[in-house]
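J.: To start, I am sharing the structure in question, which I have written as structure tokens.
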Amino acid sequence: MRQDQLDGLVTFVHVAEHCSFTLASHQMGVSPSAVSQVVRSLEGRLGVVLFKRTTRSVKLTEVGERFINRVKPLIVELAQATEEIAYSTVEPSGVLRLVATTPAYLTVLRPALGRFLQRYPAIDMEIILCESRVDLVREGFDAGLGLDWQIDRDLVAVGVGPERCMLALASPDYLARRGIPAHPNDLLKHDCIGYRQVGSGVVERWTFDSEQGSLHLSIKSRLVYSDSAAQLQATLDGLGIAYLSSGHTDSLQQEGRLVRVLAGWERAVSPYMLYFPDRRSISSRLRLFIDHLRGAEVEGPGRAAPESFSTRP
């Protein structure tokens with residue numbers, strides 16, 4: 001095989017994944033014009049047009065679609081082999097870019113960050129907080145962290161963090177003024193703080209489980225937020241009762257800043273999920289971080305992180 005047969009294939013895959021010369025150039029750390037020139041040279045050697053280009057869009061041609069389907073798995077395998085052999089002798093390094101919802105960050109990421117950064121000093125992290133769905137590949141993220149319903153089905157997802165349940169919580173000040181509900185139906189007489197899911201626009205229903213069975217309530221909230229941090233702050237400010245997850249609220253309960261009401265009425269929910277595009281192309285940095293979140297011990301350079309974690313069905 002001649003060397004020039006391989007030239008430009010990695011650039012081609014990046015452009016195809018992003019449908020953008022500009023986004024591909026950002027990921028590769030070169031100029032858009034350099035990316036465009038590499039692709040033109042590849043098309044010239046192959047004698048075909050791989051992309052349909054307009055001022056507003058970049059799309060694969062039919063030939064380009066066939067080519068990416070053949071080339072991408074091979075490029076992924078080569079990249080993984082290169083990273084694995086490098087990791088066997090070099091300390092893991094580079095930037096790990098993550099996107100997370102605010103509750104997922106507070107519950108799962110924040111408690112784990114200090115020890116991870118101390119353990120792997122050559123790894124830097126960039127964390128973006130966002131309540132809506134994000135295209136990981138297009139936006140250049142290694143992985144995301146959120147709830148199962150927020151994750152596209154074609155992504156790999158693994159459960160991380162503690163078991164969770166949904167609780168009715170309020171500030172001591174609010175309960176002193178308005179009284180303590182004894183039954184979920186009593187919430188209909190209280191000021192409640194709702195959450196509207198970003199994307200679907202659905203206001204979250206409150207569901208309570210007990211020995212008496214399940215009870216579903218469509219709460220009429222005086223305040224509705226689409227940002228979970230703002231919803232939590234409004235609860236701390238004494239503006240009403242909110243339906244919040246355990247985990248990131250545990251310390252606030254221990255400090256007495258939030259009080260759980262309706263003891264015996266709670267709802268177990270799925271854990272937070274860490275998700276990424278493709279198991280085969282997972283970086284050593286992300287493998288180490290997944291194992292860290294799941295409590296596995298991986299000792300230093302030269303030992304590849306295991307792929308023993310289970311995924312959602």
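The values are calculated or read from the model by the stated rules, or taken from the named source; none is laboratory data. As the structure is a prediction and not an experimental result, all values here were calculated from the model. Reconstructed Cβ throughout: ideal geometry from the backbone, glycine too, with neighbour counts over all protein chains shown.
J.: Could you say whether any residue in segment 79-86 is over 21 Å from the mean Cα position of the chain (by Cα), more than 16 Å from Ile290 (Cβ to Cβ), modelled with pLDDT of 90 or more and not β-branched (Val, Ile, Thr)?
T.: No.
J.: For segment 175-190, which residues satisfy the criterion of being part of a loop (DSSP other than H, G, I, E, B) and surrounded by fewer than 17 Cβ atoms within 10 Å (Cβ to Cβ)?
T.: Of everything in segment 175-190, those that are part of a loop (DSSP other than H, G, I, E, B) and surrounded by fewer than 17 Cβ atoms within 10 Å (Cβ to Cβ) turn out to be Gly179, Ile180, Ala182, His183.
J.: Taking Leu223 as meeting all but one of (1) modelled with pLDDT of 85 or more; (2) closer than 30 Å to Asp152 by Cβ, write down the number of the exception.
T.: Among (1) modelled with pLDDT of 85 or more; (2) closer than 30 Å to Asp152 by Cβ, the lone unmet condition for Leu223 is (2).
J.: Any chance you could count how many residues in segment 174-206 are at pLDDT 90 or above and of a type in the set (S, T, N, Q)?
T.: Residues in segment 174-206 being at pLDDT 90 or above and of a type in the set (S, T, N, Q): 1 in total.
J.: Among (1) closer than 24 Å to Leu98 by Cβ; (2) in contact with a helix residue (DSSP H, G or I) (Cβ under 6 Å, 6 or more places away or on another chain); (3) surrounded by fewer than 21 Cβ atoms within 10 Å (Cβ to Cβ); (4) in contact (Cβ under 8 Å) with a residue 60 or more places away in the chain, which single condition is Tyr225 missing?
T.: All conditions pass for Tyr225, except number (4).
J.: If you take the residues in segment 37-72 that are loosely packed, with under 14 Cβ neighbours inside 10 Å and touching a residue at least 40 places away in the same chain (Cβ under 8 Å), which one is farthest from the chain's Cα centre (by Cα)?
T.: So the residue we want is Arg45.
J.: Within segment 266-275, is even one residue touching a helix residue (DSSP H, G or I) at 6+ places or on another chain (Cβ under 8 Å), surrounded by 15 or more Cβ atoms within 10 Å (Cβ to Cβ) and over 25 Å from Trp149 (Cβ atoms)?
T.: Scanning segment 266-275, I find no residue that is touching a helix residue (DSSP H, G or I) at 6+ places or on another chain (Cβ under 8 Å), surrounded by 15 or more Cβ atoms within 10 Å (Cβ to Cβ) and over 25 Å from Trp149 (Cβ atoms), so the answer is no.
J.: I'd like to check something: does segment 115-130 contain any residue that is assigned to a loop (DSSP other than H, G, I, E, B), surrounded by 14 or more Cβ atoms within 10 Å (Cβ to Cβ) and assigned by TED's automatic domain parsing to the domain that holds Thr11?
T.: No, segment 115-130 has no match at all.
J.: Could you check how many residues of segment 242-264 are part of a loop (DSSP other than H, G, I, E, B) and within 22 Å of Asp173 (Cβ to Cβ)?
T.: Of the residues in that region, 9 qualify.
J.: Quick one: what pairs do we get from segment 144-168, first residue assigned to a strand (DSSP E or B), second surrounded by fewer than 18 Cβ atoms within 10 Å (Cβ to Cβ) and hydrophobic (A, V, I, L, M, F, W, C), C-beta under 7 Å, 6+ apart or different chains?
T.: Between residues of segment 144-168 that are assigned to a strand (DSSP E or B) and residues that are surrounded by fewer than 18 Cβ atoms within 10 Å (Cβ to Cβ) and hydrophobic (A, V, I, L, M, F, W, C), the close pairs are Gly144/Val134; Arg164/Val269; Cys165/Ala268; Cys165/Val269; Met166/Val269.
To keep it simple, each residue is scored yes or no on (1) free of Cβ contacts under 8 Å to residues at least 40 places away in the same chain; (2) assigned by TED's automatic domain parsing to the domain that holds Arg287; (3) over 28 Å from Phe116 (Cα atoms).
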position: Val134; (1), (2), (3): yes, yes, no
position: Asp142; (1), (2), (3): no, yes, no
position: Asp173; (1), (2), (3): no, no, yes
position: Pro184; (1), (2), (3): no, no, yes
position: Ser200; (1), (2), (3): yes, no, yes
position: Glu211; (1), (2), (3): no, no, yes
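J.: May I pose another question? For Leu288, indicate whether it is part of a strand (DSSP E or B), in contact (Cβ under 8 Å) with a residue 24 or more places away in the chain and not hydroxyl-bearing (Ser, Thr, Tyr).
T.: No; evaluated as a whole, the condition is false for this residue.
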